[in-house]
Amino acid sequence: MPYEANEIVQWFEDNYVHGRIRRRLRNETVIRSAPLFPPQLWSVYNSNEMGISRTQNNVKAWHRRWEILVGQSHIGVYRMIEELQKEQQSVDLQVESIIRGERRPTKKTLIEREKRILMIVDDRKNRSVMEFLRGIAHNLTI
C-alpha cells in the first residue's frame, strides 16, 4: 500500500480486522479490543470456498417484490400485517423446497462469474497479491 494510505489501512484494521489497541505492554505485546465488525461478518473468502453466493441480489429482489406487492410507500398497520403474513407463507414454501434439496434458479451469467471468482480464489497461492486482487476486481465488474 502507498504510504498515503496508512491512515485508512489502520482504520480498517482497527474496525474490521484486529480491533482497537487498548494497551501496549512493556514487552511490546499489544492488547486489543474486539473489532466492531469482525471478519466473520464481512469476509466472503470462506463463503466462496463453500460455494455460498456473495451477492445480495436476492435481498434487492425481495425489496423490489415488496414494493410491487404493497403498491405504495405508506400503508396502514393492518395492511402491513396482512402482507407480512403472505410473505411468511411464501418464505415457508421456499424453506420447504430447500429442505427437499431443490436447487434455486439463478442466472447463467451469475453462475459463470461465481465460478471464475472461485477459480481465482482456489489459485491464490500461485498469484501475487496484485494479480489476485486484479482478477477478483475484474470479475466483479463483468
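Laboratory data are not the source of any read-out in this text; all were calculated from the coordinates shown. Owing to the predicted nature of the structure, the values given are computational and were not obtained by experimental measurement. Note that we place each Cβ from the backbone using ideal geometry, even for glycine, and neighbour counts take in every protein chain shown.
Worth a mention:
- Measuring max minus min along each principal axis, the C-alpha atoms of the stretch 1-43 give extents of 30, 28, 11 Å (largest first).
- Packing-based ranking, highest mean first, of 129-135, 25-31, 6-12, 113-119 given that Cβ atoms within 10 Å are counted: 113-119, 129-135, 6-12, 25-31
- Distance between the stretch 69-92 and the stretch 21-40 - C-alpha centres, whole angstrom: 45 Å
- Phi angles of the stretch 22-32 translate, via the Karplus equation with coefficients 6.51, -1.76, 1.60 and θ = phi - 60°, into HN-Hα couplings of 8, 7, 10, 8, 4, 7, 6, 6, 10, 9, 10 Hz per residue; Gly and Pro are given as x.
- Tyr78 versus Arg20: modelled label distance in nm, points set 7 Å from Cα along the beta carbon direction: 4.9 nm
- Here the residues Tyr3, Tyr16, ranked from fewest to most Cβ neighbours within 10 Å of their Cβ, fall in the order Tyr3, Tyr16.
- Stretching the chain fully between Glu4 and Leu140 yields a gain of 46.4 nm (0.36 nm per residue, less the alpha carbon separation).
- Cut-off 20 Å, label 7 Å out along Cα→Cβ of Ala34, residues of the stretch 1-25 by amide N: 12-23
- A simple spin-label model places pseudo-atoms 7 Å from Cα toward Cβ; at Arg127 and Leu93 they are separated by 4.0 nm.
- The chain, relative contact order in percent, only Cα pairs under 8 angstrom and at least six apart counted: 14 percent
- Ordering Tyr45, Tyr78 from the fewest to the most neighbouring beta carbons within 10 Å gives Tyr78, Tyr45.
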